[in-house]
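The values are calculated or read from the model by the stated rules, or taken from the named source; none is laboratory data. This structure is a prediction, so every number in the text was calculated from the model and none was measured. Cβ placement follows ideal geometry from the backbone for every residue including glycine, while neighbour counts extend to all protein chains displayed. Heavy atoms of the whole protein, side chains included, go into the accessibility calculation; ligands, DNA and RNA do not. Shrake-Rupley method; radii C 1.70, N 1.55, O 1.52, S 1.80 Å.
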Amino acid sequence: EEAKKQQAVVLAQTRFKETQPSLLSPAANLLMNSDYLKKNRTIQFNWRVVSGADGYIFTLTKTNGPNRTEILSQNLTETNFTLTNLSLLSAGNFEWSVSAYKNASSTSPALRSKTTTANFKIDITSPQKIDAEIPEGMYGS
């Protein structure tokens with residue numbers, strides 16, 4: 001009886017550690033251009049509830065080829081994070097990730113799920129101006 005209970009606990013712990021949080025938004029590989037950022041003064045990150053989780057670790061990283069710079073990491077109990085300080089972001093590629101955790105208890109050690117990652121890109125270049133001047137002498141003078 002006790003062995004069966006213990007087996008169930010170990011199975012539940014293993015299942016939790018194998019869980020991959022499901023990211024909802026922003027959409028993977030979303031391109032945020034200047035129009036997008038003018039309309040959206042914040043960026044809302046959302047993911048699904050992980051069964052049994054006590055909280056989540058949200059991380060935002062700037063990626064530039066092999067270089068990675070962590071911008072922020074937050075320990076949250078909700079399934080969303082709103083980035084209000086857009087000045088933390090510059091043009092380029094970013095990655096956001098979420099993992100779930102379960103606090104230690106008398107019957108279980110602290111557990112952490114797998115991490116799920118998605119990317120987005122910020123492109124704030126202005127559209128190219130087209131030179132519409134007519135070259136001199138084109139129609140004779």
Inset, instruction - Show me 83-91, 21-29, 115-123 ranked by packing, highest mean number of other Cβ atoms within 10 Å first. - result: 115-123, 21-29, 83-91
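If you rank K102, K39 by how much accessible surface each has, with a 1.4 Å probe, what is the order from largest down?
So the residues, ranked largest to smallest area, are K39, K102.
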Inset, instruction - Can you bin the chain into rounded, prolate or oblate? Criterion: square roots of the alpha carbon gyration tensor eigenvalues sorted a ≥ b ≥ c, rounded for a/c under 1.5, prolate for a/b above b/c, oblate for the rest. - result: prolate
Inset, instruction - Run the quick spin-label model on N80 and E95: label points 7 Å from Cα toward the beta carbon, then report their separation in nm to one decimal. - result: 2.6 nm
Legend entry - Relative contact order, percent, the chain [alpha-carbon distance under 8 Å, six or more residues apart]: 30 percent
Inset, instruction - Provide the per-residue ³J(HN,Hα) series for segment 89-94, in order, calculated from phi with Karplus coefficients 6.51, -1.76, 1.60 and θ = phi - 60°, each as a whole number of Hz, with x at glycine and proline positions. - result: 9, 10, 4, x, 9, 10
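Rounded to the nearest 0.05, what FRET efficiency do D54 and N33 give with R0 = 25 Å and r taken as the Cβ-Cβ distance? Could you check?
Computed FRET efficiency for D54 and N33: 0.10.
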Inset, instruction - With a Förster radius of 25 Å, plug the Cβ-Cβ distance of N67 and E18 into 1/(1 + (r/R0)^6) and report the FRET value to the nearest 0.05. - result: 0.25
Legend entry - All lysines inside 25 Å of K4 as judged from Cα atoms, apart from same-chain residues fewer than 8 positions distant: K17, K102
